[in-house]
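J.: Here you go, one structure.
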Amino acid sequence: MKTNQELQTDVENAIKWEPLLNPAEIGVTAKDGVVSLTGVVDSYAKKLEAENAAKKVIGVKALVEKIEVKFPSAWTKTNAEIANEVLTALKLNWSVPKDKVTVKVEDGWVTLEGELPWNYQKEAAKSAVHYLTGVKGVINNIKIKSETHDAIEKKDVEHAIGRSWSVDDSDIQVAVSGTTVTLTGTVDSWYQKEEAGRIAWNTPGIWHVKNELVVDYYYELV
């Protein structure tokens, strides 16, 4: 297993490797697999990039993210200006159905609400506003209500996860209750946890995914 110092160094190096990020702006600490990120960046995209870089590091079991977004005065925009840009970005994104997502902006924080039939559309709506100047954060409250009424088959979800070369499904258990899929068990990286969840979300008829997979790098070594 990695020591706290080794894990901290690996996360710091992962952040250095991302061209969008300035490692001097981001502090990293690690303890027992829990990584904390602190600092100040000038865009929400950088905040997300740092988070994603840390998640990809083997040995990270959990992430505490306290990075603050502060803009230079020249980049400051009113909430109305941000809202208009968000609405335009959503209209230009072909994955987001028109007039299905409502937008609220408060102090630079964007809240997305509405109902969509697929989770990839929900994620596309959030991604559409990541790089907009003036956005400090995104709260994605969009709900999934599938238009498909087919019964969710447990074996279909299991087979879909098993087909992925990037996910070791040997200790992933799938449970189905109505329109909800629950994933439990252990995987050896955060990436595998998120990928298993993403695959489960592609199930026709799904409204909810409870991703309760535990990340344990040591699990792969025993």
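J.: Fewest first, what order do Thr186, Thr29 take by the number of other Cβ atoms within 10 Å?
T.: Final ranking by Cβ density, sparse to dense: Thr29, Thr186.
J.: Per 10 Å bin from zero, what fraction in whole % of the C-alpha pairs of the range 113-166 is there, up to the bin with the longest pair?
T.: Calculated over all Cα pairs of the range 113-166, the distribution is 19, 33, 32, 14, 2 percent.
J.: So, one more: Compare the Cα positions of Ala24, Ser146, Asn84 along the charge dipole of the chain (+1 at Cβ of Lys, Arg; -1 at Cβ of Asp, Glu; about the Cα centre) and return the one farthest towards the positive end.
T.: Among Ala24, Ser146, Asn84, the one farthest towards the positive end of the dipole of the chain is Asn84.
J.: At what distance in angstrom do the alpha carbon centres of the range 73-89 and the range 31-72 lie from each other?
T.: Using only Cα atoms, the two centres lie 24 Å from each other.
J.: Arranged by the count of other C-beta atoms within 10 angstrom, fewest first, what order do Arg198, Arg163 take?
T.: Ascending number of Cβ neighbours within 10 Å: Arg163, Arg198.
J.: With both bridge residues required to lie in the chain, what share of the DSSP beta bridges run antiparallel, to the nearest 5%?
T.: Antiparallel: roughly 45 percent of the beta bridges in the chain.
J.: Under 19 Å between C-alpha atoms is the cut-off here; go through the range 74-144 and count lysine pairs that meet it, provided they're at least eight residues apart or on different chains.
T.: Lysine pairs satisfying the spacing and distance rule in the range 74-144 number 21.
J.: Expected output is a single nm value to one decimal: the length gained when fully extending between Val214 and Asn4, i.e. 0.36 nm times separation in residues minus the C-alpha distance. What is it?
T.: 73.7 nm
J.: Determine the dipole magnitude for the range 74-144: charges of +1 sit on the beta-carbon of Lys and Arg, -1 on that of Asp and Glu, nothing else is charged, the reference point is the Cα centre, and the result goes in debye to the nearest 20.
T.: Dipole size: approximately 140 debye.
J.: Non-local amide H neighbours of Val214 (under 5 Å, H modeled in plane, Pro and chain starts lacking H): which ones?
T.: Under 5 Å from the amide H of Val214: Gly185, Thr186, Val187.
J.: Under a crude label model (7 Å from the Cα following the beta-carbon direction), how far is Asp32 from Trp207 in nanometres?
T.: With each label point 7 Å from Cα toward Cβ, the separation is 3.8 nm.
J.: Can you give the convex hull volume of the alpha carbon atoms of the range 1-94 per residue, in Å³?
T.: Per residue, the Cα convex hull of the range 1-94 comes to 120 Å³.
J.: How would you rank Tyr131, Tyr217, going from fewest to most other Cβ atoms within 10 Å of each one's own Cβ?
T.: By the 10 Å Cβ count, ascending: Tyr131, Tyr217.
J.: For q values of 0.11 Å⁻¹, compute log₁₀ I(q)/I(0) with the Debye formula on a Cα-only model of the range 74-144, without solvent.
T.: -0.22
J.: Consider just the alpha-carbon atoms of the chain and return their Rg together with their Dmax, both in angstrom.
T.: Here Rg and the maximum Cα pair distance are 19.1, 55 Å.
Only the coordinates and a few stated rules stand behind these numbers; no lab work does. Just so it is clear, the model here is predicted, and its values are computed rather than measured. With ideal geometry, Cβ positions are generated from the backbone for all residues, glycine too; neighbour counts draw on all protein chains shown.
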